[in-house]
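Rule-based calculations on the coordinates, nothing more; no lab input. Predicted, not measured: the structure shown is a model, and the values here were computed from it. Cβ sites come from the backbone with ideal geometry, for glycine too, and all protein chains shown count toward neighbours.
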Amino acid sequence: MIAAETLLVFLVLGTVATWRFTPPPRALLDAGAPPASIHIHRAKAMADIRVSPGRAGPASISISLLDGEFGPLTVKEVRCVMSNPSAGVEPIER
């Protein structure tokens, strides 16, 4: 009888221990949102802009600037303005 109860305890603890490998649902949402990106190419300069994660909520913006010959472009300032007038979101400037 004691051996059966001990076996049952080990089975329960073993099952519970496997649950730690299951990510929480919010982590699955973050993993499923690929970054939004755009490439702007002009004769004198080009920019690769990446917003991650590519969904609503807190995000980070990465901007890579290159000259027309694909070399690094030295700039004094970069200004990013985002808005969504159809949703009533006024321009946000950083």
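Could you work out the helix-only [θ] at 222 nm for the chain, with each DSSP H run of four or more residues adding -39,500 (n - 2.57) and the total divided by the number of residues, to the nearest 500 deg cm²/dmol?
My calculation for the chain gives -8000 deg cm²/dmol from helical runs alone.
Based on the Cβ-Cβ distance of residue 84 and residue 45, what FRET efficiency does E = 1/(1 + (r/R0)^6) give at R0 = 25 Å, to the nearest 0.05?
Once the sixth-power term is evaluated, E becomes 0.40.
Divide, for the range 2-93, the radius of gyration over alpha carbons by 2.2 N^0.38 Å, where N is the residue count.
Rounded to two decimals, the normalised Rg is 1.99.
Would you kindly state how much longer the chain becomes between residue 21 and residue 62 on full extension, computed as 0.36 nm times their sequence separation minus their alpha carbon distance, in nm to one decimal?
11.6 nm
Taking Cα atoms, how many degrees apart are the long axis of helix 2-18 and the longest axis of the chain, rounded to 10 and kept between 0 and 90?
The two axes meet at around 0 degrees.
Provide the packing ranking of 77-87, 62-72, 41-51, i.e. peptides ordered by the mean count of other C-beta atoms within 10 Å per residue, highest first.
Highest-to-lowest ranking by the protection proxy: 41-51, 62-72, 77-87.
Stretched out fully, how many nm does the piece from residue 74 to residue 37 gain, at 0.36 nm a residue minus the Cα gap?
Taking residue 74 through residue 37 to full extension adds about 11.2 nm, to one decimal.
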